[in-house]
Amino acid sequence: MQRHITAGLDGSRESLDAADWAAREALRRGLPLHLLHVDEEPADSASLPEPDVPAERERTALDRAAAQLGYCHPALEIRPARALGRPADTLVEASVTSEALVLGSRGFTGFAAFLVGSVALDVTARAACPVVLVRAGERPEDERRGLAGTGPYRPVVLGLDLAHPCDDLLAYAFDAAASRHAPLHVLHAWSVPLVPSADADDPAAEKARALSAALSAWRHKFPDTEVREHAVHGRAGHHLLLASTRAGLLVIGRRTGMGDRLGPVAHSVIHHVLCPVAVVPYG
């Protein structure tokens, strides 16, 4: 089965902006775009034979979004589809055949924060593929540097846990950077006991060596991608939020062995960054 980028669409502003981001990502990766709108299962009780105005409005929004994206991206193959069921479960099911699943989130005006809905959180914690959360108001020029966003792409930032390095996470981040011809900034945050033993190795040098070793093979696979390594002391969430202010995309991992939930770092990041966030599952 041919892979594709899937965008969940519900007619809201945030989902439309996410669908536009997904369209650009699909073009960068040479994949079709699957626009998916999920209708809740109808109630068992009988209803009056009146038109379902909200449902009809949502169906019209799906058709309108497909037409608008097709006009803006004529080279992109777009596949609009509707499904019946619980939105979170249906989107998780769609993630099995998707390269990435893109969802929208509302942003707090004037604050660096997402307002992430329960469906987006549920899907992010259970999806089989990377889930990208895109805030409302995200524009194509936000991904680029320079005057009016006309320059090169901003860096892709990867948060890497050296205790659990994973090929799926590294592959996604390197692919994202390469498809944008953007630099990749890899950040590992670490902490040490307040009173280390006298014969302990310098933790900063040790972490820097471990980070370089983890990235060595990937540098050879992507020789044209500029990679910058940052081994920093402190809380991972804090440093990732700082790095995200200069990023076009932030990539973090989600360990599937922890069950259907997000860890504290992922929760902090997806609620407080301004740039799109990709959460990549790994075993």
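The values are calculated or read from the model by the stated rules, or taken from the named source; none is laboratory data. Since the model is a prediction, treat every value here as computed from it, not as a measurement. With ideal geometry, Cβ positions are generated from the backbone for all residues, glycine too; neighbour counts draw on all protein chains shown. When the accessible area is computed, the model is the full protein with side chains, heavy atoms only, and any ligands, DNA or RNA have been set aside. Shrake-Rupley method; radii C 1.70, N 1.55, O 1.52, S 1.80 Å.
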Among (1) in contact with a Gly (Cβ under 8 Å, 6 or more places away or on another chain); (2) open to solvent by 30 Å² or more (accessible area, probe 1.4 Å), the one test that VAL134 misses: (2)
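Where in the stretch 1-118 are the helices (runs of 4 or more DSSP H), entirely inside, with at least 2 residues that are in contact with a Gly (Cβ under 6 Å, 6 or more places away or on another chain) and at pLDDT below 95?
Of the helices (runs of 4 or more DSSP H) lying wholly inside the stretch 1-118, those with at least 2 residues that are in contact with a Gly (Cβ under 6 Å, 6 or more places away or on another chain) and at pLDDT below 95 span 13-29, 53-72.
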Odd one out for GLY259 among (1) modelled with pLDDT under 90; (2) under 14 Å from the mean Cα position of the chain (by Cα): (2)
Some residue of the stretch 142-153 being open to solvent by less than 20 Å² (accessible area, probe 1.4 Å), in contact (Cβ under 8 Å) with a residue 24 or more places away in the chain, in contact with a Leu (Cβ under 8 Å, 6 or more places away or on another chain) and within 25 Å of ARG13 (Cα to Cα): yes
Search result, residues across the stretch 152-167 that are more than 20 Å from ILE270 (Cα to Cα), in contact with a His (Cβ under 9 Å, 6 or more places away or on another chain) and in a loop (DSSP other than H, G, I, E, B): PRO152, LEU162
Residue within the stretch 213-229 that is modelled with pLDDT of 90 or more and in contact with a Gly (Cβ under 8 Å, 6 or more places away or on another chain) present: no
